[in-house]
Each structure stands twice: as C-alpha cells, then as structure tokens.
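To start, the structure under review is shown below, and the notes come after it.
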Amino acid sequence: MSSLQQRIEKIEFDIQDACDRTGRERSEITVVAVTKEVSATRASDVIEAGFSNLGENRPEVLLEKQETIQNGATWHFIGNVQSRKVKDVINRIDYLHSVDRINVVKEVQKRADQPVDCFIQVNVSGEETKSGVTPAELPNFIEQVGAYDKIRVIGLMTMAPFTEDMDRVRAVFRSLRELRDGIAAQGLPFAPCTQLSMGMSNDFIIAIEEGATHVRIGTALVGAESGEDA
C-alpha cells in the first residue's frame with residue numbers, strides 16, 4: 001500500500017468516525033485536497049485516488065496546474081486573492097473560499113462570466129494575522145454583497161487558531177456555524193448560506209463535529225512530496 005493510500009484510509013476513518021458520533025452522513029462532507037505545496041503529478045495522483053476537489057491559493061500555481069491536469073478536477077481558490085488578480089482566476093475556478101472585501105466582490109462582478117459560488121471569510125478568532133470580516137461586520141457585508149448578482153454566497157469560511165487548545169478551536173467552529181445559521185434563516189436568494197468551509201489537517205475532525213461541509217486538507221492527505229512513496 002502506498003503512502004497516499006495509507007493517508008487516505010486514515011482520513012476516511014477519521015471522517016466516518018466523526019460522522020458516526022454526530023449523526024451525519026459521509027456524503028455531507030467535501031474534502032478539498034490542498035495541493036498548493038505539491039506538483040501537478042501528485043495532484044493528479046490524488047484525483048485518481050478519488051479526491052477531485054483541489055484547493056490552490058496562488059493564481060499562478062493554479063493556472064500552471066490546470067495546464068497539466070485535464071482529468072476533471074473541481075477547483076477551489078482558498079487563499080486571499082488580490083483584487084487585481086481576480087481576473088486571472090475567476091473563470092477558471094468552481095468555488096471561491098475567501099471573499100472578505102467589497103473591492104474583490106466588485107472585481108468578481110466585473111470579470112465573472114456567470115455567478116460564482118463563494119464563501120465569505122470570517123475572522124472568528126479575531127487574530128490580526130488572519131483575513132476576513134469580523135462577526136460584527138458580517139450582516140452589513142452580506143447586505144452589500146446582495147447588490148452584485150455574480151456573487152452567490154453558498155456559505156462561510158474561517159481558519160481556527162493554530163493551537164493545542166482544542167476547546168478554543170471548537171468554539172471558533174461553533175461560532176461560524178451559528179453565524180451561518182443566522183444568515184441561512186433569512187432566506188436570502190443570493191445567499192442560501194448552507195455550507196461551512198472550516199477545518200484543516202490538524203483540526204478537521206473537530207470541524208466536522210461542529211458542522212463543516214468542506215474541509216481543506218493538505219499535508220495529511222497529499223503528503224509533503226519529500227521523497228516519500230506517493
């Protein structure tokens with residue numbers, strides 16, 4: 001069994017276990033394989049292993065991989081995107097996970113050929129090093145987004161603090177879920193807001209327990225490509 005297969009088995013076990021504990025179905029969880037640190041060859045291996053959702057955070061790397069990968073990937077842009085770079089990627093991706101500024105919204109509106117499925121990034125933890133609108137800013141931001149018909153707010157995204165305090169991590173994920181529920185309850189046609197993009201290699205189990213629909217898993221799934229068996 002290859003290292004990739006071993007990693008997949010471990011992740012699938014952990015996802016199913018979290019689903020079993022919380023009464024969720026495995027089909028509710030989309031694994032976004034974060035391939036930003038590995039080659040197009042490794043990304044293709046991941047697709048062949050059954051994970052077709054790929055996450056990239058740099059426009060130039062996304063476009064470079066797309067030149068090589070032709071086998072039906074679903075592309076997620078998960079990084080902070082500069083407004084001047086929106087034009088390079090917006091018609092090349094299926095999901096944008098990092099909408100947090102109106103100038104980005106305006107660029108998507110200007111450049112997108114059709115409505116784009118987007119997550120609003122929320123800085124739930126309040127860390128200065130993290131991007132995202134604050135929870136207090138979120139209602140007004142959602143209202144502003146409603147003026148642009150190329151933005152479809154399918155959910156919210158956040159990044160938890162990198163800490164060993166799992167109670168703090170859980171609180172961040174729970175808060176995002178509560179924010180999502182509040183928006184979804186409004187029944188806004190441009191913002192169904194049913195999805196939650198949260199959880200990474202070190203905390204995706206907690207994220208699933210707290211309602212994540214999209215988990216962004218990098219090294220724990222794709223490996224570090226440091227000479228190990230793929």
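What to note about this one:
- The C-beta contact set for segment 128-157 (first residue farther than 17 Å from residue 185 by Cα, second residue crowded, with 21+ Cβ neighbours inside 10 Å and of a type in the set (Lys, Arg), distance under 9 angstrom, 6+ apart or interchain) comprises 157/216.
- Number of residues in segment 1-41 that are surrounded by fewer than 17 Cβ atoms within 10 Å (Cβ to Cβ) and either part of a helix (DSSP H, G or I) or of a type in the set (D, E, K, R) (or both): the value is 20.
- Of the residues making up segment 108-130, just one is among the hydroxyl-bearing types (Ser, Thr, Tyr) and either surrounded by fewer than 16 Cβ atoms within 10 Å (Cβ to Cβ) or in a helix (DSSP H, G or I) (or both), namely 129.
- Screening residue 12 against (1) of a type in the set (D, E, K, R); (2) under 30 Å from residue 136 (Cβ atoms); (3) modelled with pLDDT of 95 or more leaves a single unmet condition, (2).
- Residue in segment 45-63 that is of a type in the set (Val, Ile, Thr) and in contact with a strand residue (DSSP E or B) (Cβ under 8 Å, 6 or more places away or on another chain) present: yes
- Residue list for segment 45-103, filter: out of contact with any helix residue (DSSP H, G or I) (no Cβ under 6 Å at 6 or more places or on another chain), among the basic types (Lys, Arg) and closer than 27 Å to residue 3 by Cβ: 58
- Residue ID - surrounded by the most Cβ atoms within 10 Å (Cβ to Cβ), chosen from residues in segment 65-84 that are of a type in the set (A, V, I, L, M, F, W, C) and either in contact with a Gly (Cβ under 9 Å, 6 or more places away or on another chain) or farther than 17 Å from residue 197 by Cβ (or both): 78
- All positions within segment 67-95 that are more than 18 Å from residue 107 (Cβ to Cβ), at pLDDT below 95 and outside any loop (DSSP other than H, G, I, E, B): 67, 68
- Residues satisfying the stated conditions in segment 7-53, i.e. without any contact (Cβ under 8 Å) to a residue 12 or more places away in the chain and on the phi > 0 side of the Ramachandran plot: 23
- Residue 221 passes every criterion in (1) under 19 Å from residue 8 (Cα atoms); (2) touching a helix residue (DSSP H, G or I) at 6+ places or on another chain (Cβ under 7 Å); (3) assigned to a loop (DSSP other than H, G, I, E, B); (4) of a type outside the set (Lys, Arg) apart from (3).
- Pick from segment 161-212, criterion hydrophobic (A, V, I, L, M, F, W, C), part of a loop (DSSP other than H, G, I, E, B) and modelled with pLDDT of 95 or more, ranking: surrounded by the most Cβ atoms within 10 Å (Cβ to Cβ): 198
- Of note, residue 100 does not satisfy the criterion of being modelled with pLDDT of 95 or more, acidic (Asp, Glu) and out of contact with any strand residue (DSSP E or B) (no Cβ under 8 Å at 6 or more places or on another chain).
The values are calculated or read from the model by the stated rules, or taken from the named source; none is laboratory data. These numbers were taken from a predicted model, which means no experiment stands behind them. Using ideal geometry, Cβ is built from the backbone for each residue, glycine included, and neighbour counts are taken over all protein chains shown.
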